[in-house]
Structures are given as structure tokens and as C-alpha cells.
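Here's the structure we're looking at; comments come further down.
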Amino acid sequence: DPDLAPGMTEAEVAARLPALLNRLNPAGERPGRWNNPDTPRAFTDAVQAALGPTGTPDTRRAAARQMLALSQGWQDARTGFAHFALGRLQDPQNMSEAAQHFAPAAAIFARLPDGGARLAHALLQLAAIDLAAGQPDQAIAKTDQALTLARAAQNAVLIASLSLLKAEALTQLGQTAAGQALRLDSLPAARYGFGSAQAGSPNPDLPRF
């Protein structure tokens, strides 16, 4: 924001933040309404079991199904997150089952005012499924939509992953030069998001398929 500048002290920034936030989001000055129930401990435990460092594929999927069951009736990102988790945990050979969860996750995130980056993650997975199914045109349509969201969120990992996916789709369509150019264009985002090849680690945001 132009009201902030490098070199300002913490106190200087703190003094400007109230007016800055009020200008950017005037609705934030009014008390909001939260129409969804608080997150029960059982949902939190299911998230940890589904996405934590332990567990078998079967127990992880069972925990994700519990997340989805507990979130029924909620109208916020938690239900979308449950669908997304269950989609990610499907067997890589079971693309149709995964798509049945990524699609409702994308629909939920699309309705949320702050769902842009989450929607881009879901579209990334759906585009990867399209690509694996031999539908590069559909994959490109989804990556184009997701890239707009990822750039707005300034998410370098998403930008790089989506660009590489689109580049592969272009190659499948016979547009080899365009695909190679996009791979080169994505390198700065990839270096920023993933770090160097020597320091890199497996990225959980990359498509499963």
C-alpha cells in the first residue's frame, strides 16, 4: 500500500494500519455475522488424521470422509476443504472419484469472497485430471482461470505449477513452441516459490495426476 514504505518502524506501521484497513475494507468497521457453527474438536482431529504425518491411505481417506460428514450444512471454506482433502487422498488411478470432490470444493470456494487462492488450488487439480484424460483444451481453460487468481494472490508456487500444467496442455495440442516458452516464463516464479533445485523438496501443491 502506498501508505507503507520500506524502512518504516513497527510503531509507524501500527499507527497507520487502522486508517489503511478501514480504507481498503470499510465493511470491516461494522460487526459481522458468523452464521456457521464453531469448529468441533472432532473435525480438527479428523483434519490431523487425514493430513498429518502418520496413517495409512485407508485411514487417511476415512478421516477425510469424517471431515466431510461433520461439515455438512456449513456454508464456508471448511466444507470445501473437506472435499479438497478427500479428493487429494484418492488413489491416483481413481481420477473420476477425485474429480467428484475437487469439483464441489471449487464451487464452494468460488462463492466465498476470500476463496480465490483456494479456488485456484482446486482448479489446478481439476486441470491435471483433464490433462490426464486427454482433454488439454479443458485443462487450459481451467489453468487460465486459476492463473488469474494465483497472480492476484501473488502465490508463486501456484503460478509456477499452473504454468507448467498449461505448458504440457499446449504441448499435447501440438503447440510445442508455446509450451516451451511458457515453461521458460514460469522459471522466475518457480525459483521464488520452490527455491533452488538443490534446496528443493517435494511440493504438496503439485497435481496428483
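Laboratory data are not the source of any read-out in this text; all were calculated from the coordinates shown. Remember, it's a predicted structure, so these values are computed and weren't measured experimentally. Neighbour counts run over all protein chains shown; Cβ positions are idealised from the backbone, glycine included.
Ala107 label point, 7 Å along Cα→Cβ, cut-off 18 Å on backbone N: hits in the range 79-96?
Counting backbone N atoms under 18 Å from the label point, the list is 79-88, 96.
Can you give me the Kirkwood hydrodynamic radius for the range 81-156, using every pair of distinct Cα atoms, in Å to one decimal? Can you show the working numbers first?
Details: mean 1/r = 0.0814 Å⁻¹.
Result for the range 81-156 stands at 12.3 Å.
At 18 angstrom or more along the helix axis (alpha-carbon based) and mean Kyte-Doolittle of 0.0 or higher, what helices does the chain contain? Whole DSSP H runs only. Spell out each step's value before the answer.
Working: long enough: 10-24 (20 Å, 0.37); 57-70 (20 Å, -0.44); 95-111 (24 Å, 0.44); 116-132 (24 Å, 1.13); 136-152 (24 Å, -0.25); 156-172 (24 Å, 1.28).
Qualifying helices, which must be both long enough and hydrophobic enough, are 10-24, 95-111, 116-132, 156-172.
Given the chain, report the % of alpha carbon pairs whose separation exceeds 27 Å. Mind showing how you got there, number by number?
On the way: 9631 of 21736 pairs.
Taking all Cα-Cα pairs of the chain, the fraction more than 27 Å apart is 44 percent.
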